[in-house]
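The values are calculated or read from the model by the stated rules, or taken from the named source; none is laboratory data. Because the structure is a prediction, the values reported are computed rather than measured. Cβ placement follows ideal geometry from the backbone for every residue including glycine, while neighbour counts extend to all protein chains displayed.
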Amino acid sequence: MTTYGMLIDVNRCTGCYNCFLACRDEHVGNDHRPIAAPQPESGHKWIDILEHERGKFPRVRVDYVALLCQQCKDATCVSRAPNGAVYRREDGIVLIDPEKAKGHPEIVSCCPYRAIHWNAAEGVAQKCTFCAHLLDQGWKEPRCVEACPTEALVFGDLDDPTSRISQLLKSRATEELHPQFDVVPAVRYLGLPKRFVSGEIAFADRMSEPAAGVCVSLHDGVNAHDGVTDAYGDFAFEALEAGASYVLRISAPGYRTREIGIGAHQDMDLGAILLEPAIAS
């Protein structure tokens with residue numbers, strides 16, 4: 001049995017919108033009934049790219065998170081739509097019947113991810129179909145996956161242990177988008193944006209020289225993250241748990257070790273941190 005799913009690697013996404021354009025090329029003006037009526041020329045984003053800007057100038061992070069129908073196992077659109085207008089196929093793809101769903105705009109509000117759109121011209125709710133019409137013709141992946149130049153989108157059979165997506169899901173720690181929705185999505189993510197802390201190290205007696213290679217560590221009392229400053233004396237720690245408390249430890253030969261307590265309540269730039277020379281005994 002085949003169950004389709006997708007893995008989205010946020011770290012690989014550059015925000016090029018190739019996936020969005022490929023989706024429009026495949027669906028705008030093209031009638032793929034009984035899978036889907038034509039997508040309108042504007043107003044729909046069956047795959048959207050959400051930009052997440054984090055931090056403060058001059059140390060800012062921008063992440064791009066692709067959002068599409070999550071093809072949920074416990075899809076609220078399936079359970080709430082009238083007359084079986086939304087259904088889940090045996091291969092796991094959730095589809096909106098373009099005939100049964102006519103005249104039911106309330107289907108749009110059934111999705112907690114806001115991934116369903118209303119087509120006023122056709123009078124029907126619409127969303128990503130994983131290009132089911134192409135898969136039924138023998139295609140191995142949807143158009144958005146085919147068009148992604150960085151391979152940020154991986155598609156395949158979740159029930160096949162040899163498939164690339166199954167291998168990645170076994171070897172990497174993936175996440176759901178908004179797990180609080182409790183809908184068991186078939187779309188998983190790598191590298192979803194989390195809190196980060198950054199800063200710059202400088203030697204108090206050598207301000208004109210970048211403090212490269214200085215040891216920095218961040219620990220919460222149980223786990224430690226270790227690193228070194230780059231060629232400019234900058235450092236950054238990613239993927240911090242929101243609301244957790246950490247201690248930043250900075251050490252370099254010949255200088256006093258510094259420890260700074262921080263809380264990951266928001267992204268934080270600590271600015272310039274000076275290391276004072278150690279006092280010779």
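Condition test on residue 238, is it charged (D, E, K, R), modelled with pLDDT under 90 and over 20 Å from residue 68 (Cα atoms)?
Against the criterion (charged (D, E, K, R), modelled with pLDDT under 90 and over 20 Å from residue 68 (Cα atoms)), residue 238 qualifies.
Restricting the search to the stretch 148-191, which residues are crowded, with 17+ Cβ neighbours inside 10 Å, among the aliphatic types (A, V, I, L, M) and within 18 Å of the chain's Cα centre (by Cα)?
152, 153, 154, 165, 169, 177, 183, 186, 187, 190
Could you tell me whether the stretch 84-101 includes any residue that is surrounded by fewer than 22 Cβ atoms within 10 Å (Cβ to Cβ), in a helix (DSSP H, G or I) and in the same structural domain as residue 20 (by TED's automatic domain parsing)?
Yes, the stretch 84-101 contains at least one residue that is surrounded by fewer than 22 Cβ atoms within 10 Å (Cβ to Cβ), in a helix (DSSP H, G or I) and in the same structural domain as residue 20 (by TED's automatic domain parsing).
Here's the yes/no breakdown for (1) over 12 Å from the mean Cα position of the chain (by Cα); (2) among the acidic types (Asp, Glu); (3) part of a strand (DSSP E or B):
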position: 5; (1), (2), (3): yes, no, yes
position: 12; (1), (2), (3): no, no, no
position: 15; (1), (2), (3): no, no, no
position: 19; (1), (2), (3): yes, no, no
position: 22; (1), (2), (3): yes, no, no
position: 26; (1), (2), (3): yes, yes, no
position: 34; (1), (2), (3): yes, no, no
position: 43; (1), (2), (3): yes, no, no
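Please work out if residue 98 is closer than 26 Å to residue 31 by Cα and not basic (Lys, Arg).
Criteria met by residue 98.
Limited to the stretch 257-281, what total is found for residues that are assigned to a strand (DSSP E or B) and either under 15 Å from residue 198 (Cα atoms) or of a type in the set (Gly, Ala, Ser) (or both)?
Qualifying residue count, the stretch 257-281: 12.
Cβ-Cβ distance below 9 Å, separation of 6 or more or different chains: which pairs start in the stretch 12-27 with a residue that is polar (S, T, N, Q) and end on one that is at pLDDT below 95?
If the second residue must be at pLDDT below 95, no pairs are left.
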